[in-house]
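Encoded as structure tokens, the structure appears first; notes follow it.
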Amino acid sequence: MMIQICDDVNQIDLYQWSKLLEKSVKASFFHSYGYCKALIESKEIMPVIIAVENEQKEITALTIGELANESKRVPFLSKRLLILDAPLYEDIESLLYLVRHLKKINAGLFVQIRTFFPFSENEQSVYMKFGFVLSDHLNAYISLTNKTNDTIWTLLKKDKRKGIKKAEEKFNIDVRE
């Protein structure tokens, strides 16, 4: 197996990348080429792309992370790597290989992997082998049943409403049901 750790999507075979995404039921936007390009265009975040290839040059595991500083005042004390959706993989050996190399990245304070799906026992054992501590999601859900847009808006905290308005203005995002 071969590992590629890079910050440039052009170093990865896009055909093989798309094949892995098509095969995986757990693929999300956070594994996509579009997400990667957005990270590259950001001035505050350095993308980290890790791909595992087999002998046939097929991508068997992939993850994309955001390496950034939480504080501009003390960047060396606030650097972290955030992966917004768990790595995709075809076999447990590929995941093992990817996580081993993920731990070698100088990510500063911590590496955090978020996921939309619960980890299997095999996945848990891989992450725990490399010192990851597993915890439940801290998701928040708002019931939209019988609520108007105004009611839903007031249920959001002030800083979240401000962030959404800012994103709408700055990035021309349209928020709708």
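The mean sequence separation of alpha-carbon pairs under 8 Å and at least six residues apart, normalised by the residue count of the chain, gives a relative contact order of 16 percent. Using θ = phi - 60° in the Karplus curve 6.51 cos²θ - 1.76 cosθ + 1.60, the 3J(HN,Hα) couplings for segment 44-49 round to 9, 10, 9, x, 10, 10 Hz; x is entered for Gly and Pro. Exposed loop sites here are chymotrypsin sites (Phe, Trp or Tyr not before Pro) assigned a DSSP state other than H, G, I, E or B and surrounded by at most 15 other beta carbons within 10 Å; excluding them, the longest clear run of the chain is 1-115. For the chain, the dipole from Cβ point charges (+1 on Lys and Arg, -1 on Asp and Glu) about the Cα centre works out to 1000 debye, to the nearest 20. Under a 10 Å cutoff between Cα atoms, tell me which one of Asp85, Asp13, Asp159 has the largest fluctuation in the Gaussian network model of the chain. With Cα springs under 10 Å in the chain, the top fluctuation among Asp85, Asp13, Asp159 is at Asp159.
The mean accessible area for residues of the chain, using a 1.4 Å probe and ignoring ligands and nucleic acids, is 68 Å² per residue. In order along segment 27-41, the Karplus-derived 3J(HN,Hα) couplings, from 6.51 cos²θ - 1.76 cosθ + 1.60 at θ = phi - 60°, round to 5, 9, 4, 6, 10, 8, 4, x, 5, 4, 4, 4, 5, 5, 6 Hz, and Gly and Pro are given as x. For Leu84, what is the net charge nearby, where nearby means another residue's Cβ is under 11 Å from its Cβ and Lys, Arg count +1, Asp, Glu -1? Overall, the nearby charge balance is -1. Determine the percent antiparallel among the DSSP beta bridges restricted to the chain, to the nearest 5. Expressed as a percentage, antiparallel bridges in the chain total about 85.
To the nearest 10 degrees, how steep is helix 92-102 against the longest Cα principal axis of the chain, on a 0 to 90 scale? Between helix and principal axis, roughly 70 degrees. For the chain, with all protein chains present and a 1.4 Å probe, just round the carbon and sulfur fraction of the accessible area to a whole percent. The computed percentage sits at 53. Among the trypsin sites (Lys or Arg not before Pro) in segment 84-122, those placed in a DSSP loop whose Cβ has at most 14 other Cβ atoms within 10 Å are Lys103, Lys104, Arg114.
The Cα trace of the chain gives Rg and Dmax of 18.1, 55 Å, the first to one decimal, the second as a whole number.
The values are calculated or read from the model by the stated rules, or taken from the named source; none is laboratory data. Owing to the predicted nature of the structure, the values given are computational and were not obtained by experimental measurement. All Cβ positions, glycine included, derive from the backbone under ideal geometry; neighbour counts span all protein chains shown. Quick note on the areas: whole protein, heavy atoms, side chains included, nothing else; ligands and nucleic acids left out. Shrake-Rupley method; radii C 1.70, N 1.55, O 1.52, S 1.80 Å.
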